[in-house]
Amino acid sequence: MVIIHELDVLDVADGQDVALRVVCSKGTYIRSLCADIGKALGVGAHLRTLERTRVGPLKLNRALTVDAIIRNHHLGALAEHVWSLDDALRDLPVVVIDARAADRVCHGGPVMWSDVVPAKDGRLPLKADMAVRIHNGSGRLLAIGRSSEPYPDRIAIEKVFATVWE
(Lines give C-alpha, C1' and ligand atoms only; values in the text may rest on other atoms or scores of the structure.)
Protein backbone atom coordinates (compact mmCIF):
# COMPACT_ATOMS: atom_id res chain seq x y z
CA MET A 1 0.00 0.00 0.00
CA VAL A 2 1.30 3.43 -0.96
CA ILE A 3 1.03 6.16 1.67
CA ILE A 4 1.83 9.82 1.06
CA HIS A 5 2.69 11.24 4.49
CA GLU A 6 3.53 14.75 3.27
CA LEU A 7 3.35 16.54 -0.06
CA ASP A 8 4.57 20.14 -0.19
CA VAL A 9 4.83 22.53 -3.14
CA LEU A 10 8.24 24.14 -2.75
CA ASP A 11 8.33 26.28 -5.89
CA VAL A 12 6.49 27.06 -9.12
CA ALA A 13 8.72 28.43 -11.90
CA ASP A 14 7.44 29.96 -15.13
CA GLY A 15 3.93 28.80 -14.24
CA GLN A 16 4.73 25.26 -15.27
CA ASP A 17 7.68 23.72 -13.42
CA VAL A 18 6.66 22.63 -9.93
CA ALA A 19 9.12 21.52 -7.26
CA LEU A 20 7.60 19.11 -4.73
CA ARG A 21 8.79 17.60 -1.47
CA VAL A 22 7.24 14.17 -0.87
CA VAL A 23 7.49 12.01 2.24
CA CYS A 24 6.07 8.61 1.36
CA SER A 25 6.05 4.91 2.10
CA LYS A 26 8.30 2.46 0.32
CA GLY A 27 6.97 1.30 -3.01
CA THR A 28 5.80 4.77 -4.05
CA TYR A 29 6.60 5.62 -7.66
CA ILE A 30 7.17 9.37 -7.70
CA ARG A 31 7.11 9.47 -11.51
CA SER A 32 3.61 7.98 -11.44
CA LEU A 33 2.58 10.37 -8.67
CA CYS A 34 3.60 13.36 -10.83
CA ALA A 35 1.71 11.99 -13.83
CA ASP A 36 -1.37 11.38 -11.65
CA ILE A 37 -1.25 14.92 -10.24
CA GLY A 38 -1.00 16.38 -13.75
CA LYS A 39 -3.88 14.21 -14.94
CA ALA A 40 -6.04 15.28 -11.97
CA LEU A 41 -5.29 18.92 -12.78
CA GLY A 42 -6.10 18.34 -16.45
CA VAL A 43 -2.70 19.57 -17.64
CA GLY A 44 -0.51 16.47 -17.85
CA ALA A 45 2.83 16.23 -16.12
CA HIS A 46 6.11 14.37 -16.08
CA LEU A 47 9.08 14.19 -13.78
CA ARG A 48 12.13 16.22 -14.77
CA THR A 49 14.44 15.46 -11.83
CA LEU A 50 14.27 13.30 -8.73
CA GLU A 51 16.47 13.52 -5.66
CA ARG A 52 16.03 10.99 -2.87
CA THR A 53 17.02 12.72 0.37
CA ARG A 54 16.24 9.94 2.83
CA VAL A 55 15.82 6.18 2.97
CA GLY A 56 14.92 5.04 6.47
CA PRO A 57 17.45 6.57 8.87
CA LEU A 58 19.93 7.32 6.06
CA LYS A 59 19.80 11.00 5.10
CA LEU A 60 21.48 12.79 2.22
CA ASN A 61 22.68 15.62 4.46
CA ARG A 62 24.85 13.07 6.34
CA ALA A 63 26.36 11.63 3.16
CA LEU A 64 29.99 12.27 2.25
CA THR A 65 31.39 13.05 -1.17
CA VAL A 66 34.24 10.90 -2.44
CA ASP A 67 36.63 13.79 -1.73
CA ALA A 68 35.32 14.07 1.84
CA ILE A 69 35.78 10.32 2.35
CA ILE A 70 39.40 10.53 1.15
CA ARG A 71 40.08 13.63 3.28
CA ASN A 72 38.58 12.04 6.42
CA HIS A 73 40.49 8.81 5.76
CA HIS A 74 43.79 10.70 5.55
CA LEU A 75 42.92 12.52 8.79
CA GLY A 76 42.06 9.24 10.51
CA ALA A 77 38.50 10.52 11.09
CA LEU A 78 36.51 8.36 8.68
CA ALA A 79 35.19 6.08 11.45
CA GLU A 80 33.26 9.05 12.90
CA HIS A 81 31.10 9.10 9.77
CA VAL A 82 30.56 5.36 9.26
CA TRP A 83 27.51 3.63 10.71
CA SER A 84 27.40 0.00 11.71
CA LEU A 85 24.89 -2.16 9.88
CA ASP A 86 22.90 -2.38 13.12
CA ASP A 87 22.70 1.45 13.24
CA ALA A 88 21.58 1.63 9.62
CA LEU A 89 18.79 -0.87 10.38
CA ARG A 90 17.71 0.78 13.63
CA ASP A 91 14.17 1.37 12.38
CA LEU A 92 13.59 -2.39 12.65
CA PRO A 93 12.65 -3.78 16.07
CA VAL A 94 15.06 -6.15 17.81
CA VAL A 95 14.41 -9.74 18.81
CA VAL A 96 16.99 -11.25 21.18
CA ILE A 97 17.55 -14.99 20.95
CA ASP A 98 19.16 -17.42 23.32
CA ALA A 99 22.59 -18.94 22.71
CA ARG A 100 21.13 -22.27 21.56
CA ALA A 101 19.40 -20.57 18.62
CA ALA A 102 22.33 -18.37 17.55
CA ASP A 103 24.19 -21.19 15.81
CA ARG A 104 21.03 -22.20 13.92
CA VAL A 105 20.37 -18.60 12.84
CA CYS A 106 23.95 -18.20 11.56
CA HIS A 107 23.23 -21.16 9.27
CA GLY A 108 19.93 -19.65 8.09
CA GLY A 109 17.67 -21.74 10.31
CA PRO A 110 14.46 -20.19 11.67
CA VAL A 111 13.96 -18.73 15.13
CA MET A 112 11.29 -20.53 17.11
CA TRP A 113 9.34 -18.41 19.58
CA SER A 114 10.74 -20.56 22.37
CA ASP A 115 14.21 -19.24 21.37
CA VAL A 116 13.22 -15.59 21.88
CA VAL A 117 14.18 -13.83 25.08
CA PRO A 118 11.19 -11.64 26.06
CA ALA A 119 11.73 -7.92 26.55
CA LYS A 120 11.89 -6.56 30.11
CA ASP A 121 8.15 -5.81 29.93
CA GLY A 122 7.49 -9.40 28.84
CA ARG A 123 6.23 -8.43 25.39
CA LEU A 124 7.56 -9.55 22.04
CA PRO A 125 8.11 -6.67 19.57
CA LEU A 126 6.79 -8.49 16.53
CA LYS A 127 3.66 -8.23 14.45
CA ALA A 128 2.77 -10.49 11.54
CA ASP A 129 4.92 -9.94 8.45
CA MET A 130 7.24 -7.48 10.18
CA ALA A 131 10.97 -7.52 9.55
CA VAL A 132 13.13 -7.64 12.69
CA ARG A 133 16.79 -7.51 13.61
CA ILE A 134 17.87 -10.67 15.36
CA HIS A 135 20.48 -10.18 18.10
CA ASN A 136 22.24 -12.66 20.31
CA GLY A 137 22.30 -12.16 24.07
CA SER A 138 25.43 -9.99 23.77
CA GLY A 139 23.63 -7.55 21.48
CA ARG A 140 25.38 -8.62 18.28
CA LEU A 141 23.38 -8.37 15.05
CA LEU A 142 23.11 -11.85 13.57
CA ALA A 143 20.39 -11.61 10.93
CA ILE A 144 17.16 -10.09 9.67
CA GLY A 145 14.08 -12.24 9.91
CA ARG A 146 10.34 -12.09 9.37
CA SER A 147 7.35 -13.82 10.93
CA SER A 148 4.72 -14.68 8.36
CA GLU A 149 2.26 -17.24 7.14
CA PRO A 150 2.22 -20.18 6.78
CA TYR A 151 4.53 -20.49 9.81
CA PRO A 152 3.39 -17.98 12.47
CA ASP A 153 5.24 -19.97 15.15
CA ARG A 154 8.66 -18.94 13.89
CA ILE A 155 10.71 -16.13 12.43
CA ALA A 156 12.10 -17.04 9.02
CA ILE A 157 15.62 -15.80 8.32
CA GLU A 158 15.86 -13.46 5.34
CA LYS A 159 19.51 -12.38 5.57
CA VAL A 160 22.36 -13.64 7.75
CA PHE A 161 25.12 -11.18 8.69
CA ALA A 162 27.16 -13.17 11.19
CA THR A 163 28.82 -16.52 11.02
CA VAL A 164 29.60 -18.98 13.76
CA TRP A 165 33.32 -18.63 12.91
CA GLU A 166 33.51 -14.94 13.81
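The values are calculated or read from the model by the stated rules, or taken from the named source; none is laboratory data. As the structure is a prediction and not an experimental result, all values here were calculated from the model. Every residue, glycine as well, gets a Cβ built from its backbone with ideal geometry; the counts of neighbours run over all protein chains shown.
A count restricted to segment 51-102 and to residues that are touching a helix residue (DSSP H, G or I) at 6+ places or on another chain (Cβ under 6 Å) and under 30 Å from PRO118 (Cβ atoms) stands at 3. Could you check segment 117-166 and list, in sequence order, the residues that are modelled with pLDDT of 85 or more and of a type in the set (A, V, I, L, M)? ALA131, VAL132, ILE134, LEU141, LEU142, ALA143, ILE144, ILE155, ALA156, ILE157, VAL160, listed by residue number. If you go through segment 1-45 and pick out every residue that is within 25 Å of PRO57 (Cβ to Cβ), of a type in the set (Val, Ile, Thr) and surrounded by 11 or more Cβ atoms within 10 Å (Cβ to Cβ), you end up with 6.
Quick grid of which residues meet (1) under 24 Å from the mean Cα position of the chain (by Cα); (2) modelled with pLDDT under 90:
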position: ILE4; (1), (2): yes, no
position: ASP14; (1), (2): no, yes
position: ALA45; (1), (2): no, no
position: LEU58; (1), (2): yes, yes
position: ASP67; (1), (2): no, no
position: ARG71; (1), (2): no, no
position: ASP91; (1), (2): yes, yes
position: ALA102; (1), (2): yes, no
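Scanning segment 65-84 for residues that are loosely packed, with under 12 Cβ neighbours inside 10 Å, among the hydrophobic types (A, V, I, L, M, F, W, C) and assigned to a helix (DSSP H, G or I) turns up VAL66, ALA79.
Residues in segment 47-57: is at least one over 30 Å from ASP129 (Cβ atoms) and surrounded by 10 or more Cβ atoms within 10 Å (Cβ to Cβ)? Yes, segment 47-57 contains a residue that is over 30 Å from ASP129 (Cβ atoms) and surrounded by 10 or more Cβ atoms within 10 Å (Cβ to Cβ).
CYS24: at negative phi and in contact with a His (Cβ under 7 Å, 6 or more places away or on another chain), yes or no?
The answer is yes for CYS24.
It is to be established whether one or more residues within segment 19-34 are over 29 Å from ASP91 (Cβ atoms), modelled with pLDDT under 95 and not assigned by TED's automatic domain parsing to the domain that holds ASP129. Looking for residues that are over 29 Å from ASP91 (Cβ atoms), modelled with pLDDT under 95 and not assigned by TED's automatic domain parsing to the domain that holds ASP129, one finds none in segment 19-34, hence no.
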